[in-house]
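Beneath this line is the structure, given in structure tokens, with notes to follow.
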Amino acid sequence: MEYTRRTTNPVQVGRLQIGGGAPVRLQSMLNTSTNDTGASVEQAIRIVRAGGELVRATTQGVKEAANMALIRRELDRRGYEAVPLVADVHFNPKVADEALLHCEKVRINPGNYAQTYDEIEQKFPAFLQACRAHGTAIRIGVNHGSLSRRMLDRYGDTPEGMVASCMEFLRICQREGFDQVVLSVKASNTRVMVYTVRQLVRAMEAEDMHYPLHLGVTEAGAGEDGRIKSAVGIGTLLAEGLGDTIRVSLSEAPEAEIPVARRIVALSAKTPAPAGPLEYRRRCPAAGQVRVMADGSEIPAGWQVVEAGQPVAGDAPAVVHWRYDNADFEEFILEGAVATGRYFINGDADGLWIEAPKIAPESVRRYGYDLLQATRARMSKTEYISCPTCGRTLFDMETTLARVKAATAHLSHLKIGVMGCIVNGPGEMADADYGYVGAGRGTISLYQGKTCIEKNIPEAEAVGRLIALIKQYGDWREPLSNPETIQTN
Ligand code: SF4
């Protein structure tokens, strides 16, 4: 099958074109304080040297939005005038109005731009006019877990609600004749993310709209899990020809995201796929729990083997078979996720059989379970939803995540959110069972589901109190004596 990409309008972001046949653009986001010009510029340069083409920064208030002018000026002075800056705006349209003066692109979140439709009509058209006057592009960025009350009441926190929220703002752009728009509908749950993007594309097609797409899996986490989740979500869509710019959100240094993003783009073009179904539907529920198989002898009689990249046909339960002949473990985990993840995202396969003779058998087996977890086909360990950090982050994410994981990694029945701030964290940890959220400098708030149970705990005590909270709600299990044993449920 030949790789073809969806045709989109070109959007000019400073000197960089997104969509309209341009290569898939790679981007990352600063996690410095946006008011710290020096640190922000240094980090932006590290992102660019790694291959990043756009740099986004959080702009919590008008002060941060205004400081983007100083970051811009310093980047220009150091020879990085071609690198567009993107301001990330939540909650305050006035911040977006300031940011558009200094940045090449402004991201707004329809979930918190305004609460009523009248308010949107008062503010958004004027914002578009100002963007047009300054040559600033925008991103309409909807996230699972941060829809407006109005959308939640009507649709719940669903793909339909995310698409409706996006389309409402898009129709205003159409009416106002403003076409410098990129769209994103992101989620931490890869299935929700993939199905929402597909639905959005169909909704746009129905109205003859061709805006470019920014893809990302939010709060993907760190290390192998973050990479697998990102490759499954982003790679599945890119392989279908959807996506014009991507951000891999890892709870690591921002520049570490870029090589991963570059590989996902390259691998997706190598493994083109037809568009998947609109709704998730397990083809063969009668096959039982989705399985990982170490070799062909474990395949039950009557099941079919489908080579990765080939379509599944007929009614028999299907095992996807993928072979990897190199020894590069990072490439192995990304390539496997792009080549096989879509079968499990779509509900098309009942088993995974990976042959990788140059990778340790135990690593291959563990990876199989991790991949099923990333596609939500089978949960076998604690699911962590951790934010990629930004200028709002209130603690060191890498060390905190490591501490939380050390205490809870055996709780395979739970999803735990570790989020850097109270502003967006509680909403964006989506369906986490428990949440560890930065409340202030050195203080943490703990959540059970969406409810804040303990506020402003000193950071040094927070992991212990999280464990106590999980025990209080009856969700604690004692760790097994052999932590290497893979638990499945
Ligand atoms: S949850 Fe807060 S700290 Fe984390 S990336 Fe989102 S806004 Fe930044």
Q | Failed item in (1) over 26 Å from Gly425 (Cα atoms); (2) of a type in the set (S, T, N, Q); (3) in contact (Cβ under 8 Å) with a residue 60 or more places away in the chain, with Ser146 passing the rest | A | (1)
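To keep it simple, each residue is scored yes or no on (1) assigned to a helix (DSSP H, G or I); (2) under 28 Å from Arg263 (Cβ atoms); (3) acidic (Asp, Glu).
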residue	(1), (2), (3)
Met1	no, yes, no
Ala22	no, yes, no
Ala44	yes, yes, no
Arg49	yes, yes, no
Ala65	yes, no, no
Ala69	yes, no, no
Leu75	yes, yes, no
Tyr80	no, yes, no
Ala96	yes, no, no
Q.
Please verify whether Glu119 is at pLDDT 95 or above, over 26 Å from the mean Cα position of the chain (by Cα), farther than 22 Å from Arg171 by Cα and in the same structural domain as Glu219 (by TED's automatic domain parsing), treating the condition exactly as stated.
A. no
Q | Matching residues, the stretch 447-473, being outside any helix (DSSP H, G or I) and over 17 Å from Glu219 (Cβ atoms) | A | Gln448, Thr451, Cys452, Ile453, Glu454, Lys455, Asn456, Ile457, Pro458, Tyr473
Q: Please tell me if Leu100 is touching a strand residue (DSSP E or B) at 6+ places or on another chain (Cβ under 7 Å) and without any contact (Cβ under 8 Å) to a residue 40 or more places away in the chain.
A: yes
Q: Please find, among Thr389, Thr399, Thr375, the residue that is within 16 Å of the ligand (Cβ to nearest atom) and within 18 Å of the chain's Cα centre (by Cα).
A: Thr389
Q) Which of the helices (runs of 4 or more DSSP H) contained wholly in the stretch 324-434 include at least 1 residues that are within 30 Å of Gly302 (Cα to Cα)? A) 329-345, 361-374
(Q) Let me spell it out: the conditions are (1) within 14 Å of the ligand (Cβ to nearest atom); (2) crowded, with 21+ Cβ neighbours inside 10 Å; (3) of a type in the set (A, V, I, L, M, F, W, C), and Ile416 meets all of them except one. Which number is the exception? (A) (1)
Q: Mind listing just one residue for me: the one in the stretch 359-387 that is touching a residue at least 60 places away in the same chain (Cβ under 8 Å) and small (Gly, Ala, Ser) and, of those, nearest to Phe329 (Cα to Cα)?
A: Gly368
Q | Residues (of a type in the set (Asp, Glu) and surrounded by fewer than 18 Cβ atoms within 10 Å (Cβ to Cβ)) located in the stretch 362-382 | A | Glu362
Q. So is Arg132 more than 20 Å from Gly161 (Cα to Cα), basic (Lys, Arg) and out of contact with any helix residue (DSSP H, G or I) (no Cβ under 9 Å at 6 or more places or on another chain) or not?
A. yes
Q | Residue that is nearest to Gly347 (Cα to Cα) [pool: residues in the stretch 189-206 that are in contact (Cβ under 8 Å) with a residue 12 or more places away in the chain and not hydrophobic (A, V, I, L, M, F, W, C)] | A | Arg191
Q. Looking at (1) buried (at least 21 other Cβ atoms within 10 Å of the Cβ); (2) away from the ligand (no atom under 16 Å from the Cβ); (3) part of a loop (DSSP other than H, G, I, E, B), which is the one condition that is false for Gln60?
A. (2)
Q | Filter pass, Val232 being part of a strand (DSSP E or B), touching a helix residue (DSSP H, G or I) at 6+ places or on another chain (Cβ under 8 Å), surrounded by 22 or more Cβ atoms within 10 Å (Cβ to Cβ) and at pLDDT 95 or above | A | no
Q. For residues in the stretch 69-91 being under 22 Å from Val163 (Cα atoms) and out of contact with any Ser or Thr (no Cβ under 6 Å at 6 or more places or on another chain), which is surrounded by the most Cβ atoms within 10 Å (Cβ to Cβ)?
A. His90
Q.
For the stretch 383-407, which positions are more than 13 Å from Met429 (Cβ to Cβ), crowded, with 21+ Cβ neighbours inside 10 Å and of a type in the set (Ser, Thr, Tyr)?
A. Thr389, Thr393, Thr400
Q) For Gly347, are the conditions met, namely being within 25 Å of Leu200 (Cα to Cα), in contact with a Lys or Arg (Cβ under 6 Å, 6 or more places away or on another chain) and either in contact (Cβ under 8 Å) with a residue 40 or more places away in the chain or not assigned by TED's automatic domain parsing to the domain that holds Arg191 (or both)? A) yes
(Q) I'd like to know if the stretch 412-433 contains one or more residues that are closer than 30 Å to Asp328 by Cβ and free of Cβ contacts under 8 Å to residues at least 12 places away in the same chain. (A) no
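The values are calculated or read from the model by the stated rules, or taken from the named source; none is laboratory data. Everything quoted here is computed from the prediction, not taken from an experiment. In this analysis, Cβ positions are derived from the backbone assuming ideal geometry, glycine residues included, and neighbour counts consider all displayed protein chains.
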